[in-house]
Amino acid sequence: MTDSILPHHTGREDARRQVLETASSLFRARGIRSVTMDDIARELTMSKRTLYQLFSDKEDLLLACIVKHDQEEQMRLRQQARESADVLDFLLTNYSEKMRKCGGLTPQFVADLPKYKRVMQYIAQKQAEQEDEAVDFLNRGKEAGYFREEINFRVVYRQMVAIVNNIIADEELLQYTHRELVTNSVIVFLRGCATAKGVARIDEAVAQMNA
């Protein structure tokens, strides 16, 4: 390990990136509370002094991990939106991608989130900021004939946010896998909003994913 002061610019940014990648992996695999700054420094063969030069405490590091993941996810979603044939294709492809990625996420990670106030404030802020864009996007599915005209997607969006927040807050839900939780919330809502044409597409896609 080294206790030297970190260099500025490229060296510091490279070190931050390595810490974020390692910390994210440990948090996802083991949960947040069970991972200490000592664990992260040890995994990186980095001194704690150097680690604390980069991040003031574990919550600062966790928040940086969440922000980085959110930024990468937004880039992925924008690219996926450009490549998708229509709104429902985008939603189902995104659902499939989330199912693919959720295998390495321990339920304890989600259960630990409410203990970090700054992180929860960030999540709530992003949920509010994304509402108008999400509602406008979902309304395009009505034009394509996939969603029923009477559906108010602002209500649906807020209900979905409430479900996500309930999953985070309810420790009894830890007995279920992330895949089960997403399947029994996202797909249920999509089918409830869909026309017969939309339901057929959704059921076909889910059957292929579960095959």
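The values are calculated or read from the model by the stated rules, or taken from the named source; none is laboratory data. What you are looking at is a predicted structure, and each value in this text was computed from that prediction instead of being measured. Because the Cβ atoms are built from the backbone with ideal geometry, glycine has one as well, and the counts that use them run over all protein chains shown.
Some observations on this one:
- Residue 111 over 13 Å from the mean Cα position of the chain (by Cα) and at pLDDT below 95: yes
- Across region 41-60, a minimum of one residue is classified as out of contact with any Ser or Thr (no Cβ under 8 Å at 6 or more places or on another chain), of a type in the set (Val, Ile, Thr) and not assigned by TED's automatic domain parsing to the domain that holds residue 169.
- Here residue 69 fulfils each of the conditions (1) surrounded by 13 or more Cβ atoms within 10 Å (Cβ to Cβ); (2) within 19 Å of residue 101 (Cα to Cα); (3) over 15 Å from the mean Cα position of the chain (by Cα) apart from (3).
- Out of 145, 104, sole residue that is out of contact with any His (no Cβ under 8 Å at 6 or more places or on another chain), more than 30 Å from residue 194 (Cα to Cα) and outside the structural domain of residue 34 (by TED's automatic domain parsing): 104
- Residue that is surrounded by the most Cβ atoms within 10 Å (Cβ to Cβ), among those in region 125-140 that are over 16 Å from residue 81 (Cα atoms) and of a type in the set (Asp, Glu): 131
- Candidate set: region 157-194, residues that are more than 20 Å from residue 98 (Cα to Cα) and among the hydrophobic types (A, V, I, L, M, F, W, C); chosen: the one modelled with the lowest pLDDT: 169
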